[in-house]
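In what follows, a structure is listed as structure tokens, so that the remarks can point back to it.
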Amino acid sequence: MAYSQLIDLPATSAEAQAAVAELRAKLAPDVVSTEPLDLMARAHDASHFLLTPKAVVTARSAQDVAQAFAAARANGLPVTLRSGGTSLSGQAGGDGILIDVRQNFRRVDIVESGERVIAGPGATIRSVNARLHRFGRKLGPDPASEIACTVGGVVANNSSGMACGTEFNTYQTLESMVLVLPSGTVLDTGAPDANDQLRTKEPELFAGLIALRDRVRSNPHSVERIRHLFSMKNTMGYGINSFLDHNEPVKILEHLVIGSEGTLGFVAQATFRTVPVAPHIATGLFVFPRVTDATDALEALLASGAKTLELMDARSLQVVQPDVAADNPLSTLAIKDHTALLVELQEMSAEALAQAGEVMAKTVSTLPLDLPVEFTSDSRKRAELWHVRKGLYTTVAGA
Ligand SMILES: Cc1cc2nc3c(=O)[nH]c(=O)nc-3n(C[C@H](O)[C@H](O)[C@H](O)COP(=O)(O)OP(=O)(O)OC[C@H]3O[C@@H](n4cnc5c(N)ncnc54)[C@H](O)[C@@H]3O)c2cc1C
């Protein structure tokens, strides 16, 4: 029996067939797949949504992406860009044309001794950081999924991570991007005449951005509300703080794309300013009796110099418990309402780390902890502690 007869694929509409035929005519035959295995393999990201695409385009270039946009648009089909597929809310899946923008977009160029990096959207965060490591630099955004997630996904989700906060996320550290708009217009926002190019190539969009900017700015209530919402970690919806933070339409557009989840265009390349790697690190797992004990401790821990604070509730701890090493005290804890914080100190010198450790030890002595805390700089033990956090999703999925 053929594989396609074993699985239940949604019926293909006439529009979908027309779009696929158009794509096959314009792109190389092996770029467009309607094989059931390819469709099913990309029917979900790391979320719980199941959306089976009608066709998968494995784009070879920005031009391929522009062609796919045009064919989908002409036939009234939605398009979804998919890179690492580690998104947690279904935004990397779709039931129209799915464009794989990871496989053929992995180029990484280091600039100015690692002060800046130009990356293809399919490069994983880990691979970019591996190239930057010898310069003592790294990308600002540091999602826990760094082994699999990519530059394109990080830009489009405005992903943050364990230590980047609101200071070093993509919104703050991206210098420029090459953008393919749904119309097919390609724009390098780092070009000296980028704003003029946008005005000439997309006059309606240019005028619309100015009108929106001026409308937002002329309403004091909007200004106050946006400032408040974006003073904290906030990746919900479009980054409308762009209308307040930038004047030129091209810079507003570039910053709106950050966090737009692939709805405004394809990021074909991104240039980041990098941040220094703090080489002296110590990590500890703080286990509290209840979630409120953990959240009550946050202020004191931050004031004591914690650079990373990752919270795992009782359910998360129960899920990861079978997976932790036997010498980890968590392995034998009778988990009830317990909540853990993974706390990390990151400093530029051994002396600074020792000082931070002393301050932190005083704070630890005041906290209602159910397990003793061992702060460790040992890379094996640190990896084991991080495994509790980074392996959480895989453990949940496999449970
Ligand atoms: C175990 C685990 C830990 C995680 N930890 C964190 C964390 O600490 N912090 C955090 O913020 N997130 C975290 N995430 C969520 C997710 O990994 C990140 O948001 C990640 O950056 C998504 O990247 P991706 O390459 O997988 O993108 P995908 O999931 O493939 O796509 C993400 C979005 O970007 C769009 N997109 C992809 N490429 C492009 C492109 N080139 N141009 C335009 N749009 C594009 C897609 O359409 C989609 O809307 C975690 C996920 C998992 C599974």
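Coordinate-derived values only; no laboratory data. This structure is a prediction, so every number in the text was calculated from the model and none was measured. Cβ coordinates were reconstructed from backbone atoms using ideal geometry, including for glycine residues, and neighbour counts include every protein chain displayed.
List of remarks:
- Taking a ≥ b ≥ c as the square roots of the eigenvalues of the Cα gyration tensor, segment 303-399 is prolate, since a/c reaches 1.5 or more and a/b is larger than b/c.
- Reachable lysines from residue 26, criterion Cα separation under 29 angstrom, eight or more residues apart if same chain: 54, 201
- Positive dipole terminus of segment 108-275, leading residue within 176, 226, 271 (C-beta point charges): 226
- Shape call, segment 108-275: gyration tensor on alpha carbons, a/c limit 1.5: oblate
- Ranked by the mean number of other Cβ atoms within 10 Å of their residues, highest first, the peptides 96-106, 206-216 fall in the order 96-106, 206-216.
- Segment 258-270 - phi-based ³J(HN,Hα) in whole Hz, Karplus 6.51/-1.76/1.60, Gly and Pro as x: 5, x, 8, 6, x, 8, 9, x, 9, 7, 8, 6, 9
- The chain: relative contact order in percent, alpha carbon pairs under 8 Å with at least 6 residues between: 13
- Positive contributions from Lys and Arg (+1) and negative ones from Asp and Glu (-1), summed over other residues with Cβ under 12 Å from the Cβ of residue 288, come out at -3.
- With 0.36 nm allotted per residue and the present C-alpha distance subtracted, the residue 89-residue 290 stretch has 69.6 nm of extension available.
- When the Cα atoms of the chain are aligned to their principal axes, the ranges along those axes come out at 67, 61, 44 Å in descending order.
- Over segment 4-156, relative contact order from alpha-carbon pairs under 8 Å, at least 6 apart, %: 19
- Taking the DSSP bridge list for segment 82-202 and keeping only pairs wholly inside it, about 80 percent are antiparallel.
- Under 25 Å from residue 362, Cα to Cα: lysines that are on another chain or at least 8 residues apart: 307, 381
- Here's the list of aspartates and glutamates a cross-link from residue 233 could span, going by alpha-carbon distance under 15 Å and ignoring same-chain residues fewer than 8 apart: 142, 167, 310.
- Each label was represented as a point 7 Å from its Cα along the Cα-to-Cβ direction; for residue 185 and residue 232 these points are 3.7 nm apart.
- Between residue 24 and residue 378, full extension at 0.36 nm per residue minus the direct alpha carbon distance yields a gain of 122.1 nm.
- Surface/4 of the Cα convex hull for segment 33-162, nm²: 8.2
- What the phi angles of segment 276-283 give under the Karplus curve with 6.51, -1.76 and 1.60, with θ = phi - 60°, is a coupling list of x, 7, 7, x, 10, 10, 9, 10 Hz, glycine and proline written as x.
- Share, in percent, of DSSP beta bridges within the chain that are antiparallel, nearest 5: 80
- Potential extension, residue 200-residue 225 segment - 0.36 nm per residue separation minus Cα distance: 5.7 nm
- Residue 176 long-range amide H proximity, modeled H, under 5 Å: 271
- Put a plus charge on the Cβ of each Lys and Arg, a minus charge on the Cβ of each Asp and Glu, and nothing anywhere else: the dipole of the chain about its Cα centre is then about 420 debye.
- If R0 is 25 Å, the Cβ-Cβ spacing of residue 12 and residue 147 corresponds to a FRET efficiency of close to 0.10.
- Amide H contacts under 5 Å for residue 116, placed H, 5+ residues apart: 111, 274
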